[in-house]
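The values are calculated or read from the model by the stated rules, or taken from the named source; none is laboratory data. The shown structure was predicted, so the numbers you read here are calculated from the model rather than taken from an experiment. Here Cβ is always computed from backbone atoms with ideal geometry, including for glycine, and neighbour counts include all displayed protein chains.
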Amino acid sequence: MKPHINCLMVASVDGRTLHSRWRPQSAKGTAGELFERVHDELGGDAWLVGRVTGQEFAKGQPYPASQETFPRENWFARRDARSSDIKAYGVVLDADGKIGWGRSEIGGDPIVVVLTEAVSDAHLAGLRGEGVSYIFAGKSELDLALAVEILNRELGVERLLLEGGGGANGAFLRAGLVDELNLVVTAMTLVSSKVLDGGAVWLRYRIENAGAEAAVAR
C-alpha cells in the first residue's frame, strides 16, 4: 500500500528551490521558519529527501573496507519511532551508498536510507555500525514505488512528506506518486488568486524589493 505523499517546497521568485535545508529545528532564517511551520501543520510519519540534500546532514566520511558480507535484505535499527517521543522517520535516497553518516538521526528523527542492491558490503557494515536503518528498492536503480510501499508495510508510514530538491521531487512527480503539492513562495506579497481552466491557478504577487529600497535610501 502506498502512503499519502505530500510534496513540500519553498521556492524563490525565480522558481528555484532554496538550497539551505531547514531540519533540524535549530535552523534559522525566514524561509526556514516558514518551511518548518508548514511541515508541522502537514504532519507526517516520515519525511524524505534525495542524496544531495541528505549529504548536507551527514557528519561522517565514507565507510572503510570490510570483510563482512550481508544479504540484500531490509534492516532496521529501530521500528518504534511512531510509538515513542520521536515524531517521524527521516528517509534519504542514496542509491549507490555514497553518504557516510556519522550519526543515526536528524533532529531526533531516526534515519532510514533507501539503497539499491548494488551497494557495497562495506557501506552496509558502516550503516549497521552507526545504527542507521536501510531498505532496498531496486537492483541497480531506485524503484520509488517499491520504496514507499516498503516504508508503509515495514514501518507503518501512512503520510510521507516529500521535501527534497528538484531532482527527488521531480522523480516522484514523474512516477505519479505525489498526491499533493504544497508550495511556499518567498519574498513576495500575495495580491490575488484565481482558478483557471484545467485546475491552473493564476497567482498575482507584489515583489518585496528590499535591495532596491536600500539602494534608494543610500
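Mind listing just one residue for me: the one in the stretch 33-46 that is under 22 Å from TRP101 (Cβ atoms) and touching a Phe, Trp or Tyr at 6+ places or on another chain (Cβ under 8 Å) and, of those, modelled with the lowest pLDDT? Filtering first and then ranking leaves HIS39.
Residues of the stretch 37-51 that are within 16 Å of LEU93 (Cβ to Cβ) and touching a helix residue (DSSP H, G or I) at 6+ places or on another chain (Cβ under 7 Å): ALA46, VAL49, GLY50. Only one of the numbered conditions (1) part of a strand (DSSP E or B); (2) at pLDDT below 95; (3) touching a helix residue (DSSP H, G or I) at 6+ places or on another chain (Cβ under 6 Å); (4) not charged (D, E, K, R) is violated by VAL92, and that is (2). Residue count for the stretch 123-166 satisfying the condition of being under 17 Å from the mean Cα position of the chain (by Cα) and among the polar types (S, T, N, Q): 2. Selection over the stretch 116-151 of residues that are under 16 Å from TRP47 (Cα atoms) and not in a helix (DSSP H, G or I) gives a count of 4. Residues in the stretch 106-121 that are surrounded by fewer than 18 Cβ atoms within 10 Å (Cβ to Cβ) and among the hydrophobic types (A, V, I, L, M, F, W, C): ALA118 only.
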